[in-house]
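Report on the structure given below.
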Amino acid sequence: LRVALAVDSYIYFANIRPDYKWGYFGSTLVYAFNKPDRAEHCVMFWDTKSNDRYAKYVKKLLSICASGEYCVLATKGEEAGQYILILCNAIGSPVDSKYIEVEPMFMVMTQYHVVVASEEVVYIWQYRTPVSKLTSVDADGTASMRRKEGRERMFHVDDKVIQEDNAKDGDAKQSPPNMPTNDPACAICASDKCLLVGRESGIVNRYSLPHLALENSYVLRCRPQVMALNCNSTRMSIIDINGVLTFFELQGKNNDGAGEHLPFERKDAWDMMWSQDNPELFTIMEKTRMYIFRGMEPEEPVLSSGYICEFTDLQIRAVLLDDVMRTPDHPDKDYIIDFETKSLRDTRHILSNVGIQDAYQFIEDNSHPRLWRILAEYALENLDFTIADKAFVRCADYQGIQFVKRLQLLDDKQKQHAEVAAYFKRFDEAEGIYKEIDRMDLATAMRMRLGDWFKVEKLAQSGAGDDSLLLLAWNKIGDYYSDRQKWNKAVAYYAQAKNTARLVECFYILEDYVGLEKLINTLPDGHPLLCNIGKKFCSVGLCEHAVTAFLKGADIKAAIDCCVLLNHWDQAVELAEKNDFQQIEAVLSKYANYLLEKQKPLQAIELYRKANHHTEAAKLLTKMAQEMAAQKVNPLRVKKLYVLSAMEVERFRKRALNTEMHTGHHDSTYTSKTMAAQTLDGLMTLDAAAQDNSSTMENPWHGAEAYHFWLLAHRQLYDGNFDAARKTALLLQEFEDVLDPTDVYSFMALASFYSKFYGKCSKAFIKLEAMPGMAAEKQESFAQLAVSIFTKYPPNDPSTQRQARGKRDQQQGDLLSSSTLIGKLAQTMCVASGREVGSEPITRCKQCKHVMVTSELRNKKYCPLCHFPLPDLGSASYLE
């Protein structure tokens, strides 16, 4: 920013340099700016090499300082007098933080320390040591022993003797010394060896680091505003409040430690920086010019308004922060400028225009590792190994020395040129040289060392290698894509290399289970990968494919465990029976008992069904039906449970008698004797099951029939079909083992009363009054109700229909009282109407085997009892 001021007859020109909050470390520029829509500071971490940017928002930011691999953000805390130091890495992630009570008016950072100072107090945080990256946490996660060495220290600027420990266990959480001073601090600087604190009177105190102790005090001729130390801590630069740059020798002429001012002075200086590798080199910024000094001799100035980032290897890096702040969200790499020193420029000029010997003499006079490296590289290009070896020795490059020795062993200059080209990372040029001398093997070896497997593939396909090299290249390219999670491309190369192990992983990550299934057929029996494939199928719930893989891999137990884990108990039991695995029954029983203990009977029933243990499922269903029936709340649900129980018994019978279930297929040895033996075995299984639970197995539909006719009778009664309800009620007498007799005869009395069959009603009341176990009060209420009915209506059935209906009722009563009722009810009584089947056309259910009069179905498509789809009504038959 340039400003012109007109005062009287004079015009004054001024250059304003804003004091930005910024820092530079590694290759990262960190700077802070404000956005109109945010109250916080936006701190941008810009990687100047990759151009990656990471924005962080920080409240109450005070200053930024950077060094080495980290930077420190100083902010103001929420509480009064509290401040926070946040240590961040190159992407802005917080690594460590400290809460302090020292106002960070001045802050400096080295590779190991952060120093913060107010006007009275200096705080030092040793955030890392030469033997560890960070001091916050040790490798074992415990508190660091370095706490007792003073990792955090604090002292007053007037202290002549600094206490060894200002707090217990080296903790710097104590309040800072609250003592005013007549000579406040005004500037600080530090290196790895010492700390300098400048005061307004011109006194500078020197403290040793890391063991903090006052070593010396110097008196300056000015009040310092900015101080800096050179790389070996022997000389200090001072910019005072008037912008005058001076230098101070810390040891003095006689090395007596008194120090002295050097006869050097530059005006209008607003920034300076020492070289990191040469104590005699430094650069300063005067107005809009940059000066580079070697000793006290300046080089030609360069026009620049940049802020100096670093000075190393005879090269200065500066950043145009004014331009950066115009578009802080999108900085341009053009804003980073590199300047070379005169010796570096002269060396390049001499090498290109004069000769290598003259350049050697020039570098000898102006020795610097960067210049020797340039000379070594130039000598390598010209295959001058003598000069190259000497130059590598002078710059202490051991790898370069070894490389020169290896080059001298080569007998061909073309090979030497190729190796030099590869050394300078001109790999395409090196490959071209190898092709010219027909050494494709060397080109391939070079590409393999580089890990450039795409080029290795091309060289191998052009005849530079055999099939094994091509397979290796395909595998490595597949690894390249898989590392970058490009699985589809990786699959293509793994397939060419026939790397089944890696294909398994890729297919699994891609969720390509079809491809994973195809791999099962390509692998031989017993291959170790089959079990791995089985585990992967099992993890996603594909039981069938997992079992196929496990069986082909000869791991029967894993296949059974997979079926158990995925709740495919039928397959688990079948595998256990085929392979004589006895433990499956114990596992099944244990799991079922666990479900029952957790009050999950439906899950236990489903478990038994999947395991083809139909009898256990039927028992549980019957038990649930009985418990539901005792509640007398939902008779339809009770009927459904009984139907499900009966269906499980039918499945058991079908499974036991189906000989194909035992054989799977018929071969040449399958005979009628074998079939007869298996049939006999099935019958014996049925007989054994019937003995275990005779009522459920012998007549499984008994409970379902009871509640079906119970519901049917109620439906008929509510529909006003009282005579049909009375007839259906007669059937309920044979289900007193399932239904409550009191309910049965109460309903029979009610249906007979409404159908005006008072004789039947009277008999029902007689049954109710003689019901064993009934409470006296209830018997008395039944007696009183009977008296009130039969005093008004004589206990006689209708006379006009008494003879005909009496005969039919007698026949029905004989049928119901017959000892052959079991099995006859399904053949003689219509489940659609509850009446006896006569000579009318009938329809038989294929599942429950019960019959129904076709005319009573009234176009119904499902069995009234079990709700199984009925056959075509046009195919109705007659009962013989």
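Let's see if you can work this out: charge +1 on each Lys and Arg Cβ, -1 on each Asp and Glu Cβ, no other charges. What is the dipole magnitude of the range 720-782 about its Cα centre, in debye to the nearest 20?
Values: 7 positive and 9 negative charges, 81 e Å.
Computed about the Cα centre, the dipole is about 400 debye.
Can you work out the accessible area per residue across the range 24-115, with the rest of the protein chains kept in place, probe 1.4 Å, in square angstrom? Intermediate values should be presented prior to the final figure.
Working: 4030 Å² over 92 residues.
Per-residue value: 44 Å².
Just flag the GluC sites (Glu not before Pro) in the range 422-529 sitting in loop per DSSP whose Cβ has no more than 15 other Cβ atoms within 10 Å.
Numbers: sites: GLU429, GLU431, GLU436, GLU457, GLU505, GLU511, GLU517; in loops: GLU511.
Of the GluC sites (Glu not before Pro), the ones in loops of the range 422-529 whose Cβ has at most 15 other Cβ atoms within 10 Å are GLU511.
Tell me the per residue accessible area of the range 367-447 using a 1.4 Å probe; a whole number in Å² is fine.
Details: 4170 Å² over 81 residues.
Result: 51 Å² of accessible area for each residue.
Starting from 0.36 nm per residue, how many nanometres of slack lie between VAL161 and ARG289 once their C-alpha separation is accounted for? Working shown, then result.
Details: separation 128, 0.36 × 128 = 46.08 nm, distance 4.38 nm.
Here the segment from VAL161 to ARG289 would lengthen by 41.7 nm.
Report, by chain and number, residues whose modeled amide H sits under 5 Å from the one on GLU310, excluding near sequence neighbours (fewer than 5 apart, same chain).
Here ARG317 satisfy the definition.
7 Å from Cα along Cα→Cβ at both ASP580 and LYS458: what's the point-to-point distance in nm?
The modelled label-to-label distance comes out at 6.4 nm.
Quick one: order TYR423, TYR434 from most to least accessible surface, probe 1.4 Å. Mind dumping the intermediate values first?
Values: TYR423 85, TYR434 5 Å².
If we order TYR423, TYR434 from most to least accessible, we get TYR423, TYR434.
Arrange the peptides 323-334, 857-868 so that the one whose residues have, on average, the most other Cβ atoms within 10 Å appears first. Write out the running numbers ahead of the final one.
Numbers: 323-334: 13.5, 857-868: 15.7.
Highest to lowest by the protection proxy: 857-868, 323-334.
What is the list of residues in the range 56-82 whose amide nitrogen lies under 20 Å from a point 7 angstrom out from the Cα of ILE91, following Cα to Cβ?
Residues 56-58, 67-73 qualify, since their backbone N sits under 20 Å from the label point.
Convex hull over the alpha-carbon atoms of the range 392-435: what's its volume per residue in Å³?
Numbers: hull volume 2.7 nm³, N = 44.
Convex hull volume per residue, Cα atoms: 61 Å³.
Using a Förster distance of 35 Å, how high is the FRET efficiency between ARG221 and ARG348, based on the Cβ-Cβ distance and rounded to 0.05? Kindly include the intermediate steps, with their values, before the conclusion.
Numbers: r = 41 Å, r/R0 = 1.17.
Once rounded, the FRET efficiency stands at 0.30.
Does the range 68-123 classify as rounded, prolate or oblate by the C-alpha gyration tensor (a ≥ b ≥ c root eigenvalues; a/c under 1.5 gives rounded; else a/b over b/c gives prolate, otherwise oblate)?
On the way: a/c = 2.77, a/b = 1.38, b/c = 2.01.
Cα axes put the range 68-123 in the oblate bin.
What's the FRET efficiency of GLU777 with TYR718 using the Cβ-Cβ distance as r and R₀ = 25 Å, to the nearest 0.05?
Working: r = 29 Å, r/R0 = 1.15.
Efficiency for this residue pair is about 0.30.
I need the phi-derived Karplus couplings for the range 74-87: 6.51 cos²θ - 1.76 cosθ + 1.60, θ = phi - 60°, integer Hz, Gly and Pro marked x.
9, 10, 9, x, 6, 8, 5, x, 10, 9, 10, 10, 10, 8
Could you check how much of the accessible area of the chain is carbon and sulfur, as a whole percent, using a 1.4 Å probe?
Values: 23210 of 46340 Å².
Whole-percent figure for carbon plus sulfur exposure: 50.
Can you give the accessible area of SER482 in Å² (nearest 10), computed on protein heavy atoms with a 1.4 Å probe?
About 10 Å², ignoring ligands and nucleic acids.
Leaving out same-chain residues fewer than 8 places away, which lysines sit with a Cα under 16 Å from that of LYS846?
LYS654, LYS860, LYS861
Please get the size of the charge dipole for the range 359-515, origin at its Cα centre, with Cβ charges of +1 on Lys and Arg and -1 on Asp and Glu, quoted in debye to the nearest 20. Present the calculation step by step, with values, prior to reporting the outcome.
On the way: 22 positive and 25 negative charges, 50 e Å.
It comes to approximately 240 debye.
Can you give the extra length, in nm with one decimal, that the chain gains between ASP743 and SER589 once fully stretched, where that is 0.36 nm per residue apart less the Cα-Cα distance?
Taking ASP743 through SER589 to full extension adds about 51.6 nm, to one decimal.
Below 8 Å, C-alpha to C-alpha, sequence gap of six or more: please give me the relative contact order for the range 422-510 in percent.
Working: 75 pairs, mean separation 15.0, N = 89.
Relative contact order of the range 422-510: 17 percent.
Under 25 Å between alpha carbons, and skipping anything fewer than 8 positions from LYS56 in its own chain: which lysines qualify?
LYS21, LYS35, LYS76, LYS98, LYS133, LYS333
Quick check on the range 32-89: take the gyration tensor over C-alpha atoms, sort the square-rooted eigenvalues as a ≥ b ≥ c, and tell me if it's rounded (a/c under 1.5), prolate or oblate.
oblate
With no solvent and one equal point scatterer per Cα, compute the Debye intensity ratio I(q)/I(0) for the chain at 0.08 Å⁻¹ and report its log10, rounded to two decimals.
So the normalised log intensities are -0.92.
Among the aspartates and glutamates, which fall within straight-line cross-link reach of LYS160, defined as a Cα-Cα distance under 19 Å, with same-chain neighbours fewer than 8 residues apart omitted?
Hits, sequence-local ones excluded: GLU119, GLU120, GLU152, ASP183, GLU200, GLU215.
Given the DSSP H assignment, sum -39500 (n - 2.57) over each helix run of at least 4 residues in the chain and divide by its residue total; what's the result at 222 nm in deg cm²/dmol, nearest 500?
Working: 33 runs with 382 residues, N = 880.
-13500 deg cm²/dmol, from helical runs alone.
Starting from the amide H of GLU152, placed 1.01 Å from N in the peptide plane, find each other amide H under 5 Å away whose residue is 5 or more places distant or on another chain.
Here the answer is GLN126, since their amide H atoms fall under 5 Å of that of GLU152.
Give me the one-decimal nm value for the distance between modelled label points at THR327 and ASN521, 7 Å along each residue's Cα-to-Cβ direction.
Between THR327 and ASN521, the simple spin-label model gives 5.9 nm.
Taking Cα atoms, how many degrees apart are the long axis of helix 342-353 and the longest axis of the chain, rounded to 10 and kept between 0 and 90?
Once rounded, one gets 90 degrees.
May I ask you to list the residues of the range 699-741 whose amide nitrogen lies under 16 Å from a point 7 Å from Cα along the Cα→beta-carbon direction of LEU636?
Correct set: 707-719.
Please calculate the 1.4 Å probe accessible area of TYR480, with all protein chains present, and give it to the nearest 10 Å².
My reading of the accessible area for TYR480 is about 90 Å².
Any chance you could run the full-extension gain for LYS860 through THR234? It's 0.36 nm times the residue separation minus the Cα-Cα distance, nm to one decimal.
Working: separation 626, 0.36 × 626 = 225.36 nm, distance 10.91 nm.
In short, 214.5 nm is gained.
How large is the accessible surface per residue of the range 513-636, computed with a 1.4 Å probe and reported in Å² as a whole number? Please list the in-between numbers first.
Numbers: 6750 Å² over 124 residues.
With all protein chains present, the range 513-636 gives 54 Å² per residue.
Given a Förster distance of 51 Å, report the FRET efficiency between LYS49 and ASN567 from their Cβ-Cβ distance, rounded to the nearest 0.05.
It comes out at approximately 0.35.
Would you please classify the overall shape of the range 471-517 from the alpha carbon gyration tensor, given that a ≥ b ≥ c denote the square roots of the eigenvalues, rounded means a/c under 1.5, and beyond that prolate means a/b larger than b/c while oblate covers the rest? List each step's numbers first, then the result.
Working: a/c = 2.42, a/b = 1.39, b/c = 1.74.
Cα axes put the range 471-517 in the oblate bin.
With all protein chains present, calculate the accessible area of CYS543 using a 1.4 Å probe and round the result to the nearest 10 Å².
Probe radius 1.4 Å; accessible area of CYS543 about 0 Å².
Starting from the amide H of ASP96, placed 1.01 Å from N in the peptide plane, find each other amide H under 5 Å away whose residue is 5 or more places distant or on another chain.
Under 5 Å from the amide H of ASP96 lie the amide H atoms of LEU87, each far enough along the sequence or on another chain.
Order SER343, SER50, SER839, most accessible first, counting only protein heavy atoms with a 1.4 angstrom probe. Show your work: numbers first, answer last.
On the way: SER343 10, SER50 60, SER839 100 Å².
Output order, biggest surface exposure first: SER839, SER50, SER343.
The values are calculated or read from the model by the stated rules, or taken from the named source; none is laboratory data. Keep in mind the model is a prediction, meaning the values are calculated, not measured. All Cβ positions, even for glycine, are placed from backbone atoms using ideal geometry, and neighbour counts span all protein chains on display. Just so you know, the surface numbers come from the protein's heavy atoms only, side chains and all, with ligands and any DNA or RNA stripped out. Shrake-Rupley method; radii C 1.70, N 1.55, O 1.52, S 1.80 Å.
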